[in-house]
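This report refers to the structure that appears directly beneath it.
Throughout, read-outs are computed from the coordinates displayed, never taken from laboratory work. All of these numbers come straight from a predicted model, not from anything done at the bench. Glycine gets a Cβ as well: all are built from the backbone with ideal geometry, and neighbour counts include every protein chain shown.
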Amino acid sequence: MPKPHVICHMTSSVDGRIKIKRWSTVDVEGHVEKAYEEIHDKLEGDAWICGRITMQGYAMGEAPPAYDGPAIPRTDFVARRAERYAIGLDAHGKMNWGTRNDITGDHVVMVLTESVSDAHLDALRRAGVSYIFGGRDAIDVARVLGILGTTFGIKRLLVEGGGRINGSFLKAGAIDEISLLLAPAVDGLVGTPTVFDYTGEPDDATAKRLAVKLVSTEVLDGGIVWLRHTVAMAV
């Protein structure tokens with residue numbers, strides 16, 4: 001099965017920054033959050049993915065106890081199949097789920113590296129949380145997408161991370177579409193995360209290889225503009 005169709009769905013200020021809580025004028029009115037969730041549903045993804053910082057708000061369990069059982073093989077674990085999946089990137093196994101294995105009905109799948117502890121894997125198994133391995137010490141985006149498509153049958157994935165998560169997908173050439181809610185706000189603070197952030201040298205050629213095409217615009221309540229772009233990357 002081919003990789004899922006990947007849509008990066010985000011909200012940003014006019015200057016491309018994504019710390020919504022800093023924009024009191026639009027956040028208080030509630031337009032931003034409402035619009036984001038409505039468009040999220042319209043995009044009809046069968047899975048969404050974000051990083052550890054965002055997902056941590058859902059994982060409220062305690063740290064797992066010491067584990068003295070047999071070594072757990074570093075192979076993907078499917079606890080169950082579901083109509084929709086909530087996928088979290090947690091390379092070093094820092095999130096603790098307790099007994100929770102879904103977010104509003106979306107089954108949780110964690111993306112780990114092989115460096116995580118047996119105790120963490122045991123806790124995920126006991127909680128009924130699925131997990132896959134994205135690499136030995138670092139997460140390989142292409143590998144992850146291949147597993148999500150082949151093992152879970154995911155066809156349409158919404159990337160809703162912070163700038164670094166989004167940037168890693170962009171740099172890997174994995175994003176097919178951008179869904180951006182442009183809010184009537186300006187942040188301006190130097191160093192504030194943006195829609196896409198990745199590390200590289202000043203002459204990094206990723207941006208030059210991107211072909212971004214506007215396919216639709218729509219003005220929403222509160223002066224928010226919904227922009228949709230297709231994205232292609234030259235080889």
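Below, the figures for the structure above:
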{"item": "Centre separation in Å (Cα based) which lies between region 95-166 and region 175-235", "result": "25 Å"}
{"item": "Coarse-grained scattering of region 49-153 at q = 0.19, 0.20 Å⁻¹, given as base-10 log I(q)/I(0) from a Debye sum over alpha-carbon atoms", "result": "-0.91, -1.02"}
{"item": "Share, in percent, of DSSP beta bridges within the chain that are antiparallel, nearest 5", "result": "40 percent"}
{"item": "Helix axis angle, 141-152 relative to the chain longest principal axis, alpha carbon, degrees", "result": "70 degrees"}
{"item": "Candidates K155, K171, K21: whichever shows maximal mean-square fluctuation once the chain is modelled as a Gaussian network with Cα springs under 10 Å", "result": "K21"}
{"item": "Lysine pairs with alpha-carbon atoms under 28 Å apart, region 1-131, spacing 8 or more or separate chains", "result": "9"}
{"item": "Shape metrics for the chain, restricted to C-alpha atoms - Rg then Dmax, Å", "result": "18.3, 57"}
{"item": "Helix axis angle, 31-42 relative to the chain longest principal axis, alpha carbon, degrees", "result": "60 degrees"}
{"item": "Net length gained if the chain between H92 and L189 were fully extended (0.36 nm per residue, minus Cα distance)", "result": "31.9 nm"}
{"item": "D122 paired with T217, simple spin-label distance in nm, labels 7 Å along Cα-to-beta-carbon", "result": "5.8 nm"}
{"item": "Residue with peak Gaussian network fluctuation, the chain [Cα springs, cutoff 10 Å], from I147, I103, I49", "result": "I103"}
{"item": "Stretch gain in nm, segment A234-K208, where the contour uses 0.36 nm per residue and the Cα spacing is subtracted", "result": "8.5 nm"}
{"item": "Highest-fluctuation residue, E114, E38, E177 considered, GNM on the chain with Cα pairs under 10 Å", "result": "E38"}
{"item": "In degrees, nearest ten, helix 118-127 long axis to first principal axis of the chain (Cα)", "result": "80 degrees"}
